[in-house]
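These notes concern the structure reproduced below.
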Amino acid sequence: MTRSGRIQNSMRRLGTGFAVRSSLVGVVIAADSDTIELRQAGGKLVLDSAGPNSFPLIASGRLQPYGSSLSGVSLTAASPEELREALRRETVSAALASSGDRFDARMRVAQVAAQAGNGPLLSEVMQVALQDWPEGLEKPAVRRLQQISAVLNDRAGFFSLAEDGGNTPEDQLWRGMMRMISSPTSRAGQMVSGSDENDRLQTADLLAKGLPVLQAYAEPLRDRLMPVASEWVARYGSDSAAKILEQLPDTGQTTLAKALLAGRRNMPGADKRLSDLAHDPSPLVWPVAREAFLKLALEKKTLPAQAVADQIDGILPALRIAKREKNGRLLRINALIKAGNWAAAGAAIQEWIYRYPDDVDAIRSQKTTILRQMAQSASGNERQNRDEIVFLKEALSQNSKDFSQQDILEALAHRYEAMGLPDQERETLRRLLVSQDGPAATQVRIRLASLELEMGDLKAARDDLAAFIEGSPDAALALPGARSGQTVDVALLRARIALAEHHSDEAAGELATIRDPRAWTFRAQMAEKSGEWSRAVEALLPMLDSLPEPGKSQDTSLSPDQQSLVLRVGGDASRAQDQQTLDKLSARFGTLMKNTPSAGVFRLLTGYEDKAVTPLSAGG
């Protein structure tokens, strides 16, 4: 008798010689004779007598244009006093009903409980009624009451109800409600396609179409559902859904949703509206408004990211009451990442995994970002480094493909170095070397050799450098991808190893053809240590070529480091009794050193008396 397999309303009519009652997919007509027929005429269902003298017995209203629905439950407006009286009356009626009428009487109690928003009572009545008569589960009104019970009690286990009902606005409202409390992957009979974002968008659109219907519900039920439904539409709804929300009157149930919508659209004054609502006395309003305000402040950079993270951390207990704790923790992680507080962000990630082990995908990108940033350098705080080591070792043990194991090992090596743990650092660098090649592997070899040199393991340091071809100033470039900077690093390491083995001539030979300030400085140190002052002057003179000369540049001042270099050359030249070098130092740097804190020492070394300036070069 219906277009989609279910009747719209339950029916039970008695007449002279006939009776009509509801069936699972239509109606049953019982008659004393076969001269009664049910037919459709002009969009109506008509029950009449057959034959030339027929007359109508029952005529229904027009057919429901939306198809079948579960709208056999009346949720229309009623005052709280009326609902309390109706609940008392229906409860007494159900208690006194005969066995044949008891199920329907209990359903009337359940309907009033639904209007009153009394989820526990509704669930209890439904459970008892269906235990007595399980066949009642197929009644449309029962299915609707099951949906209402699931939503009011936040029981996502009724997955089969998520897509139940027809296409009326009311059906779509309750379908959206059921989708809101259940995950997409758990809905029976539904093919999951697209992302979670698309699923939330579809749910919001269903809810938006039913918001006008929700306005006509009894006040207790409306007050329970309107804030939740309108907030979902504000957060995830499309433009068309948002327009439906905007057209609703400004009431206490929609104020927060409209403020959230303004914040989502970054409308003028949105932060002010959210800030005002953050002082609302309701524990279900102010934490949500505060969270939205802090999220907007983080996006607009009106508050420091660390301040946002600290404030979110302070309201997490309130967000737990408002069922927004998970979202608050995710916002805190993002704020800590923007603040560059990698230790705290890593700890927040670990807490997320502990609290929500089934939702690790939500923080996967954040975890990858943290690991990559940690790989670049270590913090100067020992406690932070310890916390980060715990986070990194946990990430390393997971062996996930979502982030690079090399980044984790790199980050661990930096933190072991900062904490002065050479054995752990060496073990980590060796594991890192196994997984790398090209320029990255070259740099790891250099770091490893330098560490082992500091540890006194000269043989291991030489073995690490054995991969580089010896015998030329460009030895390091023999490895694929090596750079000239690495050439100097390798030569310096070989020289330091030779010097540690008391082979000073070999050390000097390693750097003989290297033209780099680091090589010149090391050669000068070796010469000064052995008292060969002329060789020290010879090593340091090329470094003077990069210093400014009076009259040739606008910036003719010497930095403290440059002054120290000039004094160092002068001191070595004085010990070597190299008067020619001292005279040239006096001629070139006399005016530049005259007004510096080093002027007195410079005059003592060179005998400067404001002579004419003559150029000095490395060649003498």
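When each of the peptides 508-514, 195-201, 108-114 is scored by the mean number of other C-beta atoms lying within 10 Å of its residues, the order from highest to lowest reads 108-114, 508-514, 195-201. The listed residues TRP520, TRP342, TRP352, TRP133, once ranked by accessible area (1.4 Å probe) with the largest placed first, stand as TRP133, TRP342, TRP520, TRP352.
FRET efficiency for the ARG518 to ASP361 pair, using the beta carbon distance and R₀ = 56 Å, is estimated at 0.70. For LEU121, the solvent-accessible surface computed with a 1.4 Å probe is close to 50 Å², ligands and nucleic acids excluded.
For the stretch 496-594, what is Rg from Cα atoms divided by 2.2 N^0.38 Å, rounded to two decimals? Don't skip to the end; give the middle numbers.
Details: Rg = 14.7 Å, N = 99, 2.2 N^0.38 = 12.6 Å.
Scaled against compact globular proteins, the figure is 1.16.
The listed residues MET126, MET455 rank as MET455, MET126 when sorted by accessible area, largest first, using a 1.4 Å probe.
Top to bottom by accessible area (1.4 Å), largest first, where do ARG84, ARG102 land? Walk me through the numbers before you get to the answer.
Numbers: ARG84 145, ARG102 80 Å².
Largest to smallest exposure gives the sequence ARG84, ARG102.
Using a probe of 1.4 Å on the protein chains alone, the accessible area found for MET180 is around 30 Å².
Cross-link list LYS258/LYS300; LYS272/LYS301; LYS209/LYS323; LYS258/LYS323; LYS326/LYS393; LYS529/LYS594: which exceed 21 angstrom alpha carbon to alpha carbon?
On the way: LYS258/LYS300 19 Å; LYS272/LYS301 15 Å; LYS209/LYS323 24 Å; LYS258/LYS323 19 Å; LYS326/LYS393 25 Å; LYS529/LYS594 30 Å.
The answer is LYS209/LYS323; LYS326/LYS393; LYS529/LYS594.
Packing around the peptides 252-260, 144-152, 294-302, taken as the average count of other Cβ atoms within 10 Å per residue, puts them in this order, highest first: 144-152, 252-260, 294-302.
SER22 sits with roughly 40 Å² accessible to a 1.4 Å probe, with DNA, RNA and ligands left out of the calculation.
The values are calculated or read from the model by the stated rules, or taken from the named source; none is laboratory data. The structure presented is a predicted model; accordingly, all values stated were derived computationally and were not measured. Every residue, glycine as well, gets a Cβ built from its backbone with ideal geometry; the counts of neighbours run over all protein chains shown. Surface areas here come from the heavy atoms of the whole protein model, side chains and all, with no ligands, DNA or RNA. Shrake-Rupley method; radii C 1.70, N 1.55, O 1.52, S 1.80 Å.
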